[in-house]
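Contents: one structure, followed by commentary.
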Amino acid sequence: MAGRVPATAGVLVTAVPISGRVRSTLRSDDDGGAEAVRILPRMSAARQSFGELGERIAERWLRERGWRVVQRRFRSGHRDIDLVVERDGVVAFVEVKARRGDRFGGPVEAVNWRKQKELGRSARVWVSRHGRSHDAYRFDVVGVLVEGQRVRIRHVEDAFPLHLSA
């Protein structure tokens, strides 16, 4: 059920719980306009640190296979691309997903359609700023699964389509 929270100067904020982790907020103004805004919880320091560990593992794994890191953590607004790597005229935008186990599904499956859409927006910004016409572009996903002292890596090349036009 939606809860109503008064806000400032004629703005009403309605919070609607979607799940335990994500809320959606509807903001309306006196003119009758409304806008839906997703509110994501802040990532804990431990989770962020584990994600950075996963990115370092993935980066090292890619370097060992001949990829050159062009950029780490490219940010476009609130979205980011974990790694931008290049090899033989192919630029790959890499989303890294690290997990401590697979009981909530594998890391690669965590890149849902919404995340793919966000990554696509960021990739288009990156290409407009840094792209070269002779390069080919694609999305890769690297899953890093850490179970105790054992690390497994799954690299999915060309994991989903990249549409350079909006």
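The values are calculated or read from the model by the stated rules, or taken from the named source; none is laboratory data. These numbers come from a predicted model, not from an experiment. A quick note on method: Cβ atoms are made from the backbone with ideal geometry, for glycine too, and the neighbour counts reach across all protein chains shown.
From the list V91, V84, the one residue that fits, being under 30 Å from A46 (Cβ atoms) and part of a strand (DSSP E or B), is V84. Looking at (1) surrounded by 19 or more Cβ atoms within 10 Å (Cβ to Cβ); (2) under 12 Å from the mean Cα position of the chain (by Cα); (3) of a type outside the set (F, W, Y), which is the one condition that is false for G143? Going through (1) surrounded by 19 or more Cβ atoms within 10 Å (Cβ to Cβ); (2) under 12 Å from the mean Cα position of the chain (by Cα); (3) of a type outside the set (F, W, Y) one by one, G143 breaks only (2). Filter the range 62-119 down to the residues that are among the small types (G, A, S), in contact with a Leu (Cβ under 9 Å, 6 or more places away or on another chain) and at pLDDT below 90 and list them by number. A98, G101, G106 - these are the residues of the range 62-119 that are among the small types (G, A, S), in contact with a Leu (Cβ under 9 Å, 6 or more places away or on another chain) and at pLDDT below 90.
When D82 is tested against (1) touching a residue at least 24 places away in the same chain (Cβ under 8 Å); (2) farther than 15 Å from W126 by Cβ; (3) not basic (K, R), just one condition goes unmet, and that condition is (2).
For L119, the stated conditions do not hold, so it cannot be described as buried (at least 16 other Cβ atoms within 10 Å of the Cβ) and touching a Pro at 6+ places or on another chain (Cβ under 7 Å).
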